[in-house]
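The structure appears below as structure tokens.
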Amino acid sequence: MKRIGVAALLGAVAWVVLPSAALAQDAARARADATEGQMTDDERIALTLGHTASAIPGRAPPPAEARPGAGFVSGVPRLGVPALYETDASLGVTWIAGARGNGGTQLPSGTLQGATFDPALIERGGRMIGAEARAKGYNLMLAGGINLMREPRSGRTFEYYSEDPLLAGTLGGAAVRGIQSNHVISTLKHFAINPQETGRAFMNAAIAEDALRESDLLAFEIAIEQGDPGSVMCAYNATNGVQSCGSSFLLNKVLREDWDYQGFVMSDWGAVDAVDYALAGLDQQSGSAIDPQPFFGAPLKALAASDMNYGNRLGEMARRVLWAIYDNGLDAHPAAIGTVDAAANAEVALEVAREGIVLLTNADGILPLGPQVKRIAVIGGHADAGTLVGGGSSKVLGDDGPSATVPLNHDGTAAFAAMLDQTYNRSAPLAAIRAAAPDATVRFRDGRYASEAAMAARQADVAIVFATQYQTEGYDLPDLSLPGGQDALIAAVAAANPNTIVVLQTGGPVRMPWKDQVKAVVEAWYPGARGGEAITDVLFGKVNPSGRLPITFPQSEAQLPRPVLDGLDSVEPNFVGVGAPGQVLEVNYDIEGSDLGYRWFAREGAAPLFAFGHGLSYTSFAHEGLSVARDGERLVARFTVRNTGQRAGADVPQVYLADAAGEPMRRLAGFAKVELAPGEAMEVEVPLEWRTVAEWQDGGWTVAAGAYRFVLAPDALADGPVATVDLPRRRIEP
Ligand code: BGC
């Protein structure tokens, strides 16, 4: 039998700071100190004041040296300090309305990446987009969005990885490692906790510290340890009454004092209200033309000259920016326009998509489709044009731009139309299906009329409905329904043809009132540059699906901690999320505390539509012989995974804490992704994350003495082999 440790499985050799990396970090610090010591205050200010890199009507124009993108920070040529050329974002080098004259290779959405449960693959994706950023002249990516999906209706759910801190932190760290391997700084964001878009600039996320430490902050803590990001971006929202970018608790205490973070903190665009954010730990004001004032320019310089606190901080701020530059070798390896191997990069996007598509149901084994299927009706979802692309600052399109565009709410937001409109890339599922089934008759109906779609379905062996839920930054979803009458369309098609398959392209969960009327549901998320092909590979069995849900699918909004999204009835939807002077939207996250997502369902004893971690395969797996033991400082799970079916496939065994010293709960403590040939078995060893076993108490992590029961399960709420281990009391200081 094969044996494999999780470090090999996850390609995670860089998870601990290796001595050589620590030495390099020290060297970067020494260089930063030396350079900063030679600087004038004007030069220090150059590093703390960010500029916009695209013209914004009515605002200061970008500096002449800026490259079209998200932001620009001047360098100090006299001392060999490079300028920062900043581009969004986590899914690739962004489109910026075509301003650069070319696009970028679009990775699948963050949610799809989360569904891969495969850090090594996500690191590869990061390497690819980081290399593209470099070749397009950028040396800093605003990539690394790892906010937990506390609010599945958030318009940015598609950008993030998971509702679970271990999964989000692990994948976020992997993406950052990949990007930074190109001498390009990456940015973890949005710190913290930024769960919804409605009123994003004036909402206050209220949550007790212990709950925050065990959830959203834990994701950042893990990602920082594993990814060593050069920068962290603070969020728009207030956390416990203080704007996140001016929160000394978040920036000075948590990030610096507790986590010993060495890099710099930049603000989100338009998130700075005052110069004293510098004292709270903010190092760089981004896109300052958007803020009321360039606070970290002349106002900061004047204060630094008259007030020692500001003077000392200005030096420290500059040193932190310099550290990130030196630690990532930006000066020795300047970003320069180069060539991009678009075909090779699209292969990476394709591979990610293939691993993150989730097979939710598959009655009667209707999938994969075989050669006996001769008449196929493809319906809806602009499947003739391409696959759906998430909107906002993270929007990536290929060089040729969108294949189809549906305008979104142009009332007052025309200036942002290119970011917000619902666009499709050029990877059309219809063309891919025709290529995969050359002997079948494949007909397409756009789905605007259910009657027409049903007629086409009736005449086919199989009907495949493509259903979409568009998400964009700036706008939350009012509910989890499929918009635009798609539920009725699916019901009509399912009534016309018993062999109906639904392919979802959604940013996150949706309700499925028709679930039991269709044979199969495939969740394809926003599948990226070659999404049409990846979906088709799964439908026809070229790829055996191995994605698992990184987020719970509730049966309805009534099951959520907040059945109605806060602000839905009182805030006019608007992209920037700014309110009236003094307006505050209070959102209470103490309802669920650290028990968000599947933990909430476990706590409530509620059954979701699909649990976190769920995902089917065309083969079957058995899990056997779980043991959990202390191994020095480590807590390790060992078990066997066996492929009991007829096809090769990959499984995602998940180890959950089920009972902590007498307290029942569900917490993901470790996971692996294993590839197995038919009949093959593998012994797997997974280190468990102590902090998911511990509670945050009195300024540190405490594991209470007692018996801890773990379950090895195919999803967060399922049963499976159990193992109990007695643990002595343990205190882990941050
Ligand atoms: C977003 C950030 C993004 C920034 C720069 C903001 O609207 O919240 O995620 O990096 O814009 O484009």
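Just so it is clear, none of the values below were taken in a lab; they were calculated from the coordinates. Since the structure is predicted, the reported quantities are computational estimates derived from the model, not experimental observations. Using ideal geometry, Cβ is built from the backbone for each residue, glycine included, and neighbour counts are taken over all protein chains shown.
Annotations
- Percentage, to the nearest whole number, of Cα pairs in the stretch 270-350 over 14 Å apart: 70
- In order along the stretch 697-711, the phi-based Karplus estimate (6.51 cos²θ - 1.76 cosθ + 1.60, θ = phi - 60°) of 3J(HN,Hα) comes to 9, 6, x, x, 8, 10, 9, 6, 5, x, 8, 10, 9, 10, 10 Hz; Gly and Pro are listed as x.
- A simple charge model with +1 on the Cβ of Lys and Arg, -1 on the Cβ of Asp and Glu and nothing else charged puts the dipole of the stretch 327-476 at about 880 debye relative to its Cα centre.
- Residue 629 versus residue 459: modelled label distance in nm, points set 7 Å from Cα along the beta carbon direction: 6.6
- Which listed pairs, of 189/301; 136/542; 374/519, have C-alpha distances above 29 Å, in listed order: 136/542
- Model label points for residue 38 and residue 702, set 7 angstrom from Cα along the Cα-to-Cβ axis, are 5.2 nm apart.
- Whole-Å distance, taken between Cα centres, linking the stretch 45-72 and the stretch 215-257: 25
- The chymotrypsin sites (Phe, Trp or Tyr not before Pro) of the stretch 448-557 that meet both conditions, a loop assignment by DSSP and at most 15 other Cβ atoms within 10 Å of the site Cβ, are 449.
- Rounded Å value of the spacing that divides the Cα centres of the stretch 402-449 and the stretch 603-662: 37
- Karplus-derived 3J(HN,Hα) values for the stretch 678-692, using 6.51 cos²θ - 1.76 cosθ + 1.60 with θ = phi - 60°, are x, x, 6, 10, 9, 8, 10, 10, 10, x, 8, 7, 3, 5, 7 Hz; glycine and proline are entered as x.
- Rg to Rh quotient for the stretch 394-462, alpha carbon positions, Kirkwood Rh: 1.11
- Put simply, the amide H of residue 422, placed in the peptide plane, has neighbours under 5 Å in 406, 408, leaving out anything fewer than 5 places away on its chain.
- Projected-area mean, the stretch 60-102, by convex hull of Cα positions, square nanometres: 4.0
- Note on residue 374/residue 572: beta-carbon distance plugged into 1/(1 + (r/R0)^6) with R0 of 41 Å gives a FRET efficiency of 0.20.
- Rounded to 10°, Cα long-axis angle of helix 216-227 versus longest principal axis of the chain: 80
- Prolate/oblate/rounded call for the stretch 481-546, Cα gyration tensor, a/c under 1.5 rounded: oblate
- Charge tally in the Cβ shell below 11 Å around residue 338, where Lys, Arg are +1 and Asp, Glu are -1, residue 338 excluded: 0
- Contour minus Cα-Cα distance for residue 516 and residue 22 (0.36 nm per residue): 172.4 nm
- For the chain, calculated [θ]222 nm from helices alone, where every DSSP H run of n ≥ 4 adds -39500 (n - 2.57): -7500 deg cm²/dmol
- Distribution of pairwise C-alpha distances over the chain, 20 Å bins, in %: 18, 53, 27, 2, 0
- Net length gained if the chain between residue 417 and residue 681 were fully extended (0.36 nm per residue, minus Cα distance): 89.8 nm
- For the listed peptides 635-642, 715-722, a ranking on the average number of other beta carbons within 10 Å per residue, highest first, reads 635-642, 715-722.
- On the basis of the beta-carbon distance and an R0 of 51 Å, residue 30 and residue 363 show a calculated FRET efficiency of 0.20.
- Segment residue 448-residue 620, length gained on full extension (0.36 nm per residue, minus Cα span): 58.1 nm
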